[in-house]
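The values are calculated or read from the model by the stated rules, or taken from the named source; none is laboratory data. What you see is a predicted model; the values in this text were computed from it and never measured. Neighbour counts run over all protein chains shown; Cβ positions are idealised from the backbone, glycine included. Side chains are part of the model used for accessible areas, which takes the heavy atoms of the whole protein and leaves out ligands, DNA and RNA. Shrake-Rupley method; radii C 1.70, N 1.55, O 1.52, S 1.80 Å.
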Amino acid sequence: MLVRSERPVGVSHAGSEVSVGEWVERWLRDQSVRVSAGTLRTYRISCRRITERLGDRLLDRLTAREVTEFSAGLMDGGATSSGSLSSSTARNTHMVLHKVLADAVKLELIPWNPADGATPPKVENAAYRVWTAEQVVAFFESVREHRMYPLFVLLATTGMRRGEALGLRWRWVDLDDRSLSIVTSLGSVDGVLVESVPKTRSGRRRLDLDDDTAAVLKALRDERIAIEGGIDPDSFVFADVHGAPLRPATVSAAFDRLVAAAGLPRIRLHDLRHTYATLAVEAGMHPEILTERLGHSSVATTLDMYAHVSTFAARGSADVVAGQFFRSRP
């Protein structure tokens, strides 16, 4: 494959009159009406890093070498005044720059995208801790009477992301069919709750539930019906006493306190997702099935994160992990 690293000399384009900083500012204005508030905030943070280092460069003269040097500098502290960034944050910034330049190509400001020929930062898998099935059981027993118990059960038995679970509404839960659909995600941007749709098609998915998790959700629904006299299909599955959705930070803080009180090894709330995936791999769940359940964009992503655990083998999905929790009790 032929990769160009420099712009052809003597070729004039509209981008020769626009600086990278000017184009980034215009690009952000366009994005403000196209993406969610949370995504826009992420774009702005990345764009500040881009303009700090490359803002004065003419858009038409930016090279693949400069993009590579910028991306490498994000990790060694040479690209921004904020110091070195993690590999994942550096790669995200690189991807935003790639999109910024790709959109410039679409508008014929530049003839090609110099980020295509650049080397992106290599992401190192972040370290995470997981529980054994026995430790998950111990946690369930410890928090059984806590109001967030159903939420923690769902996270541990499906591998759902925190925002996906908090954004779940009753109309997307089918307890007769023992399944649910992930349609939106709930997050917080500058202290304000923001509901958004998954970024990728793989993120919008249907999940089968095991019998025990379905029973836990049914008990939650029955309790809500007894208190309120019914359930609004559009109401959140996990809500406070006033029916308002739970705040992500509040859930994570509660989890940290409950783990400490249970005397279990400290893990993050997000590590329940890693715990689910790790136990699924050890139980022999097929990688394609696990990829679908986790909402990863590709099997390669799943394999990259979890293939070191053990060898994958074809297996059923819903009962593989949850069965270790519920049927291991005496």
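If you check Ala253 against the conditions, is it surrounded by 17 or more Cβ atoms within 10 Å (Cβ to Cβ) and modelled with pLDDT of 95 or more?
no
Could you go through segment 208-216 and let me know if any residue there is modelled with pLDDT of 90 or more, open to solvent by 10 Å² or more (accessible area, probe 1.4 Å) and within 23 Å of the chain's Cα centre (by Cα).
yes
Out of the residues in segment 296-330 meeting the condition of being at pLDDT 75 or above and aliphatic (A, V, I, L, M), tell me which one is nearest to the chain's Cα centre (by Cα).
Met305
Sort out for me the helices (runs of 4 or more DSSP H) sitting completely within segment 198-304 that have 3 or more residues that are of a type in the set (A, V, I, L, M) and within 22 Å of Trp131 (Cα to Cα).
248-262, 271-283, 287-294
If you check Thr157 against the conditions, is it out of contact with any His (no Cβ under 9 Å at 6 or more places or on another chain) and under 16 Å from Ser36 (Cα atoms)?
no
Write out, first by first residue and then by second, each pair whose Cβ atoms fall under 6 Å of each other, whose residues are 6+ apart or on separate chains, and whose first residue, in segment 197-216, is within 11 Å of Arg178 (Cβ to Cβ) while the second is aromatic (Phe, Trp, Tyr) and at pLDDT below 95.
Asp212/Phe326
This table checks each residue for (1) surrounded by fewer than 17 Cβ atoms within 10 Å (Cβ to Cβ); (2) among the polar types (S, T, N, Q); (3) touching a strand residue (DSSP E or B) at 6+ places or on another chain (Cβ under 9 Å); (4) in contact (Cβ under 8 Å) with a residue 60 or more places away in the chain.
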position	(1), (2), (3), (4)
Asp116	yes, no, no, yes
Val130	no, no, no, yes
Ser142	yes, yes, no, yes
His146	yes, no, no, yes
Ala156	no, no, no, yes
Arg162	no, no, yes, yes
Gly167	no, no, yes, yes
Val173	no, no, yes, yes
Ile182	no, no, yes, yes
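Find the residue count for segment 46-68, including only residues that are open to solvent by less than 50 Å² (accessible area, probe 1.4 Å) and either free of Cβ contacts under 8 Å to residues at least 24 places away in the same chain or among the acidic types (Asp, Glu) (or both).
Residues meeting the conditions: 2.
Of the residues Ser235, Ser196, only one is hydroxyl-bearing (Ser, Thr, Tyr), open to solvent by less than 40 Å² (accessible area, probe 1.4 Å), at pLDDT 90 or above and out of contact with any His (no Cβ under 7 Å at 6 or more places or on another chain); which?
Only one candidate qualifies: Ser235.
Every residue in segment 28-45 that is part of a helix (DSSP H, G or I), modelled with pLDDT of 80 or more, open to solvent by 40 Å² or more (accessible area, probe 1.4 Å) and among the hydrophobic types (A, V, I, L, M, F, W, C), please.
Ile45, the sole residue that qualifies.
On the basis of being open to solvent by less than 50 Å² (accessible area, probe 1.4 Å), of a type in the set (Val, Ile, Thr), farther than 28 Å from Asp190 by Cα and part of a helix (DSSP H, G or I), does Val100 make the cut?
Spelling it out, it is not the case that Val100 is open to solvent by less than 50 Å² (accessible area, probe 1.4 Å), of a type in the set (Val, Ile, Thr), farther than 28 Å from Asp190 by Cα and part of a helix (DSSP H, G or I).
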